[in-house]
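Step one of this worksheet: look at the structure below.
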Number of protein chains: 2
Amino acid sequence: MEFKVNSKSLEKLLSKIIPAVPVRTPMPILENFLFDIKDGLMTVSATDLEIALRLSTNVPSDENLKMVIPARLLYDIIRSLQETQITFNANGGSKLKLTTDNGIYNIGYTASEDFPEIPSVPKDKEIVINGLDLKKAIDQTSFAMSKEDMRPAMTGTLLEFSQEGLKFVTTDGHRLVKFVNKNIKSDRNEQYIIPERAISVLSKLLDEVDVKIYLSKSHASFFIGELELVTRLIGEKYPAYNSVIPLENENKLFVNRTSLNSTIKRMMLFSSSSSKQVKLSIGHNKLQISAEDIDHGSDAVENIDCRYDGESIDIGFNTAYVNDILTHVDEDEIIFKLHSSTKACIIEPEKARENEELMLLLMPVRLNS
Amino acid sequence: MEFKVNSKSLEKLLSKIIPAVPVRTPMPILENFLFDIKDGLMTVSATDLEIALRLSTNVPSDENLKMVIPARLLYDIIRSLQETQITFNANGGSKLKLTTDNGIYNIGYTASEDFPEIPSVPKDKEIVINGLDLKKAIDQTSFAMSKEDMRPAMTGTLLEFSQEGLKFVTTDGHRLVKFVNKNIKSDRNEQYIIPERAISVLSKLLDEVDVKIYLSKSHASFFIGELELVTRLIGEKYPAYNSVIPLENENKLFVNRTSLNSTIKRMMLFSSSSSKQVKLSIGHNKLQISAEDIDHGSDAVENIDCRYDGESIDIGFNTAYVNDILTHVDEDEIIFKLHSSTKACIIEPEKARENEELMLLLMPVRLNS
């Protein structure tokens, strides 16, 4: 069989599928694209067994053929070419022959029987969300997913459908982030846990194009225009996160995020590599931040403008976690809601955006002194 | 003692010295800056025992003091600050205290006795070269320095003073680059070998500022304005490189560098990881380039426009070396001068720039077939 494609449009197509190709895998077949040409439609897909990406395009071909082609090699060739017409020819048994005006490239390809089946998700229930809204929800929560496999549920992002809106929740036990998109309300109360890899690939693929989401008990499918991402779900129960969120933290510290973050970044230079601790000493309209590196005999203290009329509190945090949180809130005026030096602290933007809710919870650490 | 400095001007000074601070070293003292304050002049220096960097600035201080301060910590603090006045205070024994409007930072510092002496190079013979000219000579030759310690001379760049000009030579046995700056002629015939680390640090520091070079038997000193880089020299004899350069390669292939390089980059995708070989089949006004990856059953062939009326030659090269060379010639029309498939090939720009000479030599590899 033979067909022609434009190099730049093929490059664009492959660039959307290649994120699903694993970099290292014990199964060499996964290092390939599956090309499935059927009735003039060419579907290219790739999978790492956790996620799969799939996209179709029309090709002028009368014959049908499935082939498994080394993904990196094909992608690297195609994107190294100037814009040109490429003739694909797969008549000769085990080699795919690409021909351009100046060159001929032969690539060994494999039969497609061993390529894993990509699961289909039934399309009976459809959720539509704007791509940028989904990207925002992901980008504001994904950093707090747990990196430890001990509790698999916490290594993913919880999507929770509810009457209040679509909730995105992540936690690693030290901090918790909840983002609510109030535009997407639902009568059914359902939880789905999306694995980290799907979240990270999704974040890079999303733009202003609307996304259609389909869910089954075991899988989720995201359609970004024509591009489909299928992911398995984490089949565990998500921790009852609401029980750790304090209902009333009466002491409210109002502070500018940018100046606090700039201080915290300096404190990271001083906080001991063992304790990684920063101390906030909060008094009436007074915020003093300090850190000490006992091993290297260095310490630092800074004062920052704030508004506060609660009781005086000295509280310690992991410096890197405070930095993470300040980096992922995009409002400039924020509130720390505190109860005491041993209870969870809530961080929120001073003004919530319309139809959005963002809440970050951070557990304190015991102060050294 | 106490003195004040502007944070941004100190950041600029430290940024020029920090490249000499080793990232990993068995001697912790080298991870520091030496601050030497004497008669109102503050000299900051750092060394990894191979190279040293040194720069002075005026400070309003009546007292003299030498101190050894953790380099990364100080540099990271200073550059994380907004522009501000910093008060340095070193009265209190083992701690240096930095004070700004909002913060106080205490840094442990060490006595200076253990900090290694930085060699001085006598200033009796001075060579002046424009910074950009020196940068060009370095950038066009440095890639071909040997990475193997077996022959230490070849791990550096040769500076050779001669009546024809100042020559820069590098070789790793497989390829050789010679760049001549004909503006700097000298009656003395002298060779100095600059180590790789000095070359790589120099390249990043150079700009249009004139550079003064001083040389002794064991060391070289480069003054870029006020900033001094001192390096030890490699105390070995450089190989007699002239004897490997063929005097007459009568077959001349004229080719466009950009299109050849684009082809070679594609051939890198196909050349076997074992042989890393690309084949040039050269005939009358014909250049065919091919590569084969036997392990993966793939191969490629391209034809490129050229001018050639020598005898037909099939010649093989290491694909990565051809790519290196094509990346480091900046003229767009180049000549391959060939004798036969087993003799060294010379690559030159078709038109030499005024007062410059660039010659690259590449050894062929035996063709598989």
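When A:Lys204, A:Lys286 are checked against the criterion of being assigned by TED's automatic domain parsing to the domain that holds A:Phe161 and either of a type outside the set (A, V, I, L, M, F, W, C) or modelled with pLDDT of 95 or more (or both), A:Lys204 stands alone in meeting it. Quick check on the range A:246-255. Is at least one of its residues surrounded by fewer than 18 Cβ atoms within 10 Å (Cβ to Cβ), over 20 Å from A:Ala46 (Cβ atoms), among the β-branched types (Val, Ile, Thr) and out of contact with any His (no Cβ under 6 Å at 6 or more places or on another chain)? No: zero hits.
Being more than 14 Å from chain A (Cβ to nearest Cβ) and closer than 30 Å to A:Val301 by Cα, is that true of even one residue in the range B:112-134? Yes, the range B:112-134 contains a residue that is more than 14 Å from chain A (Cβ to nearest Cβ) and closer than 30 Å to A:Val301 by Cα. Hey, any hits in the range A:42-50 for a residue that's within 13 Å of another protein chain (Cβ to nearest Cβ) and surrounded by fewer than 20 Cβ atoms within 10 Å (Cβ to Cβ)? Looking through the range A:42-50, none of the residues is within 13 Å of another protein chain (Cβ to nearest Cβ) and surrounded by fewer than 20 Cβ atoms within 10 Å (Cβ to Cβ). Residue-level analysis places B:Gly93 among those that are small (Gly, Ala, Ser) and either within 13 Å of chain A (Cβ to nearest Cβ) or touching a helix residue (DSSP H, G or I) at 6+ places or on another chain (Cβ under 7 Å) (or both). Scan the range A:139-160 residue by residue and report those that are of a type outside the set (Gly, Ala, Ser) and surrounded by fewer than 20 Cβ atoms within 10 Å (Cβ to Cβ). Matches in the range A:139-160: A:Asp139, A:Phe143, A:Lys147, A:Glu148, A:Asp149, A:Met150, A:Arg151, A:Pro152. Here B:Asp149 qualifies as without any contact (Cβ under 8 Å) to a residue 12 or more places away in the chain and of a type outside the set (Ser, Thr, Tyr). The set of residues in the range A:292-305 that are farther than 14 Å from A:Ile264 by Cα, more than 7 Å from every other protein chain (Cβ to nearest Cβ) and crowded, with 19+ Cβ neighbours inside 10 Å contains only A:Asp293. Out of the range B:43-66, which residues are among the aliphatic types (A, V, I, L, M), part of a loop (DSSP other than H, G, I, E, B) and touching a strand residue (DSSP E or B) at 6+ places or on another chain (Cβ under 7 Å)? If the condition is that a residue be among the aliphatic types (A, V, I, L, M), part of a loop (DSSP other than H, G, I, E, B) and touching a strand residue (DSSP E or B) at 6+ places or on another chain (Cβ under 7 Å), then B:Val59 is the only one that fits. Would you mind stating whether B:Ser340 is in contact (Cβ under 8 Å) with a residue 12 or more places away in the chain, part of a loop (DSSP other than H, G, I, E, B) and within 14 Å of chain A (Cβ to nearest Cβ)? No, not satisfied. Take B:Ile86 and tell me if it is at pLDDT 95 or above and more than 14 Å from chain A (Cβ to nearest Cβ). When the stated conditions are applied, B:Ile86 does not pass them.
Regarding the range B:97-111, can at least one residue be identified that is surrounded by 15 or more Cβ atoms within 10 Å (Cβ to Cβ), part of a loop (DSSP other than H, G, I, E, B) and without any contact (Cβ under 8 Å) to a residue 12 or more places away in the chain? Scanning the range B:97-111 turns up at least one residue that is surrounded by 15 or more Cβ atoms within 10 Å (Cβ to Cβ), part of a loop (DSSP other than H, G, I, E, B) and without any contact (Cβ under 8 Å) to a residue 12 or more places away in the chain. Only a single item in (1) touching a helix residue (DSSP H, G or I) at 6+ places or on another chain (Cβ under 9 Å); (2) within 17 Å of B:Leu53 (Cβ to Cβ); (3) surrounded by fewer than 16 Cβ atoms within 10 Å (Cβ to Cβ) is not met by B:Pro70, and it is number (3).
The values are calculated or read from the model by the stated rules, or taken from the named source; none is laboratory data. Because the structure is a prediction, the values reported are computed rather than measured. Neighbour counts run over all protein chains shown; Cβ positions are idealised from the backbone, glycine included.
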